Every structure is written in structure tokens, then in C-alpha cells.
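A.B. asks: Attaching a single structure in C-alpha cells format; questions to follow.
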């Protein structure tokens, strides 16, 4: 029986069937590139990601920038909410899929999550490298225009709780800026102090990621998806670690309550 090819249409992927099995692929092409015959062993993870989302092979600077982002975002750390959610799944004995879904769900929001990435990338589309446009944008009241998401409480791409720019944030931004002096990342690196003054907050790693993904030509919805994907390795590793450790070694959050009487002394 031949498969119904009318239901297998994709601009991304083309498969040639084996001569003796129409349901098994003899060759697979991603945007015209022979994945198993030519790319395998010659191309890396960043090449494949870029090709899948953008439809073409990356240039050397584009590949390097995507690799920088992939390393910087791979593990947000156990204190980050999405990773902690995966850890809860791991220590509770949940399946691998459940732990990763927990990380995706918690990491999809507007506070350091993928929704914030999309909003920050939309701001780059609107303001680009125009400081006047950024000042006007950041001075506007935060609008609530979505029925799906709660109202924003801080400018996307900036840290609402920080007092100064974190060292990893500056290091990641500097690495991205090295690869293209005319990029948004390079402009942001050169105008960091002015941008932070305009927003009233230090830059966050989400803000750096939004600039880098915009430089690579990804649309906000694509950047949102990639951000979720690139942070999964850390969530997976920490979930497995906590599964081995067990609940007695789980890093529970500690809450310290101040004595009300001492507060008035």
C-alpha cells in the first residue's frame, strides 16, 4: 500500500522512500540538504537548528552566535523556576516526559520565560538600534493586551529584581557582539548603560537572548520556540540528578520569617 503523499507536504522536509518499503526513508532532505548523506558528520547542532528554522545554512558568524546562545541558555541553573519544576518531577519519580513538560510549562511565561523573549524581540523589531525609539518605548506604560497572559510587571528583557547587570549577562552579550559589529547585540553592548537607565532595570539574560535571536533573523514566535528548546538540557540533567539524590537531599526553598516585634525595635 502506498502512503498518501497529499498528507505529507512540507517545505522543510522531503523524504525519498526505500525501494522495498515506501514507509521507510532512503534519503531525507532538510530544505534541500541531504541530512544523512551529506550533513551527518560534517554539520553541528547549531547548523541543523538554523537550517530547520531559517531554511538555509548559517554563515560562520551566524553559526558562532547560535552556539554562544546554545551554551549560555543550556542550563539556567537549579534556582530558575523551570529547572526547579523539572527537579520536582525528577525527585517525585515522574517520567522523563513529565519532568520536561513541567520545565516547558513553567518556563513559558513573561518573567524570564519564552513569552518575555517574544515580547523583547517584538520591541527590537519596533525600535531596532534607535536610542530615541527605545527611550520612548520604555517610557510607555506596560499595556495588557493578551487574554492568555497576565499583565506585564517589568519591561521585557530586563531584570525586575536586579540592582546591576550580572556578570554572565555581560559576558554573553560581549561574545555575541564580537561576531558582528553592526548587530543589535553589538549596539546593545555599546549602549548598555543608556538602555538600563531608560528601563530603570539591569539587562537580563533574556534580553541578551532576544537581541541575539533577532540578529540571527528569527521571528519572535521562532525565538520563543527556540528559547524553550535551548533551555531543556539543564532541566533534564537536574531532573535526573534529583531523581538519583532522592527527596531527603532535595534543595527546598528556605523561608525566613522576621520577628514582628524586632522589626519595630
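A.B. asks: Regarding residue 19, is this residue under 30 Å from residue 112 (Cα atoms) and modelled with pLDDT under 95?
C.D. replies: So residue 19 does not fit the description; no.
A.B. asks: Note down all Cβ pairs under 9 Å where the first residue falls in region 138-167 and is not assigned by TED's automatic domain parsing to the domain that holds residue 126, the second is at pLDDT 90 or above, and they're at least six residues apart or on different chains.
C.D. replies: Within 9 Å, no pair qualifies.
A.B. asks: Right, here's the next one. Going by the conditions given, is residue 111 over 30 Å from residue 194 (Cα atoms), within 13 Å of the chain's Cα centre (by Cα) and surrounded by fewer than 22 Cβ atoms within 10 Å (Cβ to Cβ)?
C.D. replies: So residue 111 fails the test.
A.B. asks: In addition: Restrict the check to region 118-125 and report whether at least one residue is under 30 Å from residue 243 (Cα atoms) and buried (at least 22 other Cβ atoms within 10 Å of the Cβ).
C.D. replies: no
A.B. asks: Considering only region 66-85, I want to know if a residue exists there that is farther than 21 Å from residue 206 by Cα and not in a loop (DSSP other than H, G, I, E, B).
C.D. replies: Checked against the condition, which is being farther than 21 Å from residue 206 by Cα and not in a loop (DSSP other than H, G, I, E, B), region 66-85 yields no hits at all.
A.B. asks: Still on this structure: Among the helices (runs of 4 or more DSSP H) lying completely within region 157-265, list those that include at least 3 residues that are under 16 Å from the mean Cα position of the chain (by Cα), more than 26 Å from residue 130 (Cα to Cα) and modelled with pLDDT of 95 or more.
C.D. replies: Result: 220-230, 232-245.
A.B. asks: I've got another one for you. In region 65-87, what residues are surrounded by fewer than 17 Cβ atoms within 10 Å (Cβ to Cβ) and over 13 Å from residue 228 (Cβ atoms)?
C.D. replies: 71, 77, 78, 79, 81
The values are calculated or read from the model by the stated rules, or taken from the named source; none is laboratory data. Values in this document were obtained by computation on a predicted structure and should not be read as measured data. Cβ atoms come from the backbone with ideal geometry, glycine included; neighbour counts cover every protein chain shown.
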